Amino acid sequence: MAPAANSQVVIGLQWGDEGKGKIVDLLSANADVVVRFQGGNNAGHTLVVGGEQTVLHLVPSGALHPGTVCAIGNGVVIDPVVLVGELDELAAQGLVLGAERLLISREAHLILPYHKAIDLARERLRGKGKIGTTGRGIGPAHEDKVGRTGLRMIDLCDENGFRQRLHQSFTEKNRYLRAVLGEGSDDFEPLIEELLACGRRLAPHVCDVSTYLHDTLTAGRRVLFEGAQGVMLDVDFGIYPFVTSSNTGTGAAATGAGVAPKLLNTVIGISKAYTTRVGSGPFPTELHDEMGDRLRTDGAEFGATTGRPRRCGWFDAQVVRKSVRLCGVDFLALTKLDVLSGLERIPVCVGYRIDGREVEGMPVTVGEFDRVEPILEECEGWSEDITGARRLEDLPPQARAYITRIEELVGVPVGIVSVGPGRDQTIFLHDFS
Ligand code: GDP
Ligand code: IMO
Ligand code: MG
């Protein structure tokens, strides 16, 4: 089986919210299918089309292109109530995704009410040491999946079997919530009917996504794989335990969509021109001063899922280099360059020192990260508003020099520069069509 030249994978290279929604929406114009392969409704992907904003949590970001099929792969954890709510919201805006336009993997695991209750209870117990999860039940749903006690989309479609298994799970999880987490009992039973109603709504969409994608790719049609979160939140290679519960890199595109790795071609890694993070955990280039506030205000850095203010800091080449290596990134999409306009000098982190000594690569433990001191280099800033730039030549020389410096530091070319949230606020330096 020869590798197909018709797939693209979009991955977030930092701590999420790099602008995956915008870039996937743009690239979807040329895709037959867009598939989400991991994460759940912890994701919030923003699309701005014709000045109108749409935030998607489970529905793939190709949804606004009428000719593009959207698929949710087996690697995604699905809260059926949230998905039905999202479909209803889109329908209210005039976008009805019928069974032929939205495919849902029968193997995808479910997020159920007790997963959310456990997620929230654990965070309360952790107190100051909390992970800062989105509270959507992501971790507990993955625990059940790998613990082989999860329920899947296919189970939701079998009413009697589902009712029985859910009843058992409710009893068991309530016991755990009470005895181990010190919570009161939740009466989950009334939720069964709501879940079953969601199951009936979603059943026409549930199918064999893996075979569909294989057939699509081998027929020479184009598939775009849409990542969620970012590599620094990867359960193996992020800063554990301040991570999400899935693998977020290119490898997950194969396992989470059910396609052979050799069918994956071009990998596009997304990075902001600076860095943000939501939730707790180490963040070496974080700014705790007015400059951090300025980036947050100018970049509108508030979570698309929880509304929490995002922590802001300078671009960290150490982070992006690691993600580029792990994911086999071919091209960088550099977003939010416009937010840096008006700064006299723009520091970028080129490496780390621990206890005064320069270190190779990234530390692994939180303890080491607490001692990291970023090595900053200053780039020259620019004063012009660049939101109207459409070609590289439209950018001031300092902005072009900033892009070149990032390419040098991370070792891959920038293929896309984004200078605003809108579709047209984009400079293509490579032909992705
Ligand atoms: P995602 O989770 O990676 O899809 O990113 P989010 O949607 O959570 O956050 C990115 C935010 O930045 C959204 O509000 C986008 O509309 C916005 N955005 C994307 N690209 C740009 C850009 O180049 N400039 C500006 N100013 N905003 C952008
Ligand atoms: P998108 O796809 C930013 C973060 C949470 C928390 C950690 C674990 O929009 O880029 P979880 O609920 O997954 O157990 O939380 O991961 N997190 C994200 N941060 N963007 C996201 O998604 C995120 N999804 C999870 O804030 O720190
Ligand atoms: Mg987001």
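What follows is calculated from the coordinates using simple rules that are stated; it is not laboratory data. Being a predicted model, the structure only gives us computed values, none of them experimental. Cβ: placed from backbone, ideal geometry, glycine included. Neighbour counts: every protein chain shown.
Observations on the model:
- Only lysine pairs 8 or more places apart, or on different chains, with alpha-carbon atoms under 19 angstrom apart are counted in the range 109-204, and they number 4.
- Relative contact order for the range 279-377: 29 percent, from Cα pairs under 8 Å spaced at least 6 residues apart, divided by residue count.
- Inter-part distance where the range 74-120 and the range 131-155 are each reduced to a Cα centre, Å: 14
- For the chain: relative contact order, % (alpha-carbon pairs under 8 angstrom, 6 or more apart): 20
- Charged-residue dipole, Cβ positions (Lys, Arg, Asp, Glu), the chain about Cα centre, Debye nearest 20: 820
- Think of the chain as having a plus end and a minus end, set by charges on the Cβ of Lys, Arg, Asp and Glu; of Thr68, Leu332, Ser246, Ser246 sits farthest toward the positive end of this dipole.
- Under a 5 Å amide H cut-off, with hydrogens placed 1.01 Å from N, Val267 pairs with Val9, Asp330, Phe331 among residues at least 5 apart or on other chains.
- Note that the range 375-381 has calculated 3J(HN,Hα) couplings of 8, 9, 10, 9, 9, 6, x Hz, one per residue in order, obtained from phi through the Karplus relation 6.51 cos²θ - 1.76 cosθ + 1.60 (θ = phi - 60°); glycine and proline are x.
- Selected from Leu90, Leu343, Leu295 as most flexible by GNM, with the chain as the system and alpha-carbon contacts under 10 Å: Leu343
- When the Cα atoms of the chain are aligned to their principal axes, the ranges along those axes come out at 65, 50, 42 Å in descending order.
- Largest mean-square fluctuation among Tyr274, Tyr114, Tyr176, in a Gaussian network model of the chain whose springs join Cα atoms under 10 Å apart, belongs to Tyr176.
- Within the straight-line cut-off of under 22 Å between alpha carbons, the lysines reachable from Lys336 are Lys20, Lys22, Lys272, Lys322, sequence neighbours fewer than 8 places apart in one chain being disregarded.
- Rounded to the nearest 10 degrees, the angle from helix 397-410 to the longest Cα principal axis of the chain is 60 degrees.
- Calculated over the range 275-433: convex hull of Cα atoms, volume per residue (Å³): 131
- Mean residue ellipticity at 222 nm, helices only, the chain: -9500 deg cm²/dmol; runs of at least 4 DSSP H residues each add -39,500 (n - 2.57), and the sum is divided by the number of residues.
- For the range 244-259, the Karplus equation 6.51 cos²θ - 1.76 cosθ + 1.60, evaluated at θ = phi - 60°, returns couplings of 8, 9, 10, 6, 10, x, 4, x, 5, 5, 6, 5, x, 10, x, 10 Hz by residue, with Gly and Pro reported as x.
- For the range 176-302, taking the reciprocal of the average inverse distance between every pair of different Cα atoms yields a Kirkwood hydrodynamic radius of 19.1 Å.
- For the range 109-204, the relative contact order works out to 30 percent when only alpha carbon pairs closer than 8 Å and six or more residues apart are counted.
- The share of Cα pairs per 10 Å bin across the range 62-172, counted from zero up to the longest distance, runs 13, 38, 32, 16, 2 percent.
- Across the range 109-204, the volume of the C-alpha convex hull divided among the residues equals 96 Å³ per residue.
- Along the axis of the charge dipole computed for the range 148-193 (Cβ charges of +1 for Lys and Arg, -1 for Asp and Glu, origin at the Cα centre), the listed residues Leu181, His167, Ile154 are led at the positive end by Leu181.
- Point-charge dipole on Cβ atoms (K/R +1, D/E -1) for the range 109-204, about Cα centre, debye to 20: 460
- Signed unit charges on C-beta, dipole axis of the range 31-130, positive-most listed residue Tyr114, Gly50, Gln38: Tyr114
- Residue ranges 242-250, 151-159 sort as 242-250, 151-159 when ordered by packing (mean number of other C-beta atoms within 10 Å per residue, highest first).
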